[in-house]
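Below is one structure, written out as C-alpha cells; the observations come after it.
Quick note: the coordinates plus some simple rules give every number you see, no bench work behind them. Only a predicted model underlies this, so the values are computations on that prediction, with no experimental measurement involved. Backbone-built Cβ (ideal geometry, glycine too); neighbour counts: all protein chains shown.
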Amino acid sequence: MLTGKQKRHLRGLGHDLKPVVMVGKNEMNDSLISETDAALTAHELIKIKILESCTMDRHEVAESLAKLCGADVAQVLGRTVLLYRGSDDAKIELPKDSGKR
C-alpha cells in the first residue's frame, strides 16, 4: 500500500509518461492482463488509457488491473490510470514515510 507522499512522488514521475496499455471495448481479458503485467515488469510505473468504448467504470478497471497484476494504483485522473509495482531491480526509489503528520 502506497502512502500519500509516495503517490505524490509517483504522480510527478508519471506526468510525462505516454500510455503503454489501452483498455477498450474488450475490457478485461487475459491478453490485457498479461500485457499490463509485462509492462509493469519492464517499467515499474505505467500509464493506462481507458478508451471511450470501455463500458466498465474507470475506478473498477484500475482496481481490477492492480489486483490482478499485484500493483498499486497511484492515480486515476479522468480516463487515465497510473499503476506502480516495485521490482527487485528497482529503478524508482520511493520516499520513506517519516511518520509525522
Cα to Cα, under 23 Å, and not fewer than 8 places away if on the same chain: which lysines meet these conditions relative to K18? K5, K7, K47, K49, K67, K91
Starting from the range 1-32, pick out the trypsin sites (Lys or Arg not before Pro) whose DSSP state is loop and whose Cβ has at most 14 other Cβ atoms within 10 Å. K25
Full-extension gain between N26 and A38, please, as 0.36 nm times their residue separation minus the C-alpha to C-alpha distance. 2.4 nm
What aspartates and glutamates could a cross-link reach from K25, if we take a straight Cα to Cα line under 12 Å and drop same-chain neighbours fewer than 8 places away? E52
Please get the size of the charge dipole for the chain, origin at its Cα centre, with Cβ charges of +1 on Lys and Arg and -1 on Asp and Glu, quoted in debye to the nearest 20. 620
Which GluC sites (Glu not before Pro) in the range 1-67 pass both tests, a DSSP loop state and at most 13 other beta-carbon atoms within 10 Å? E52
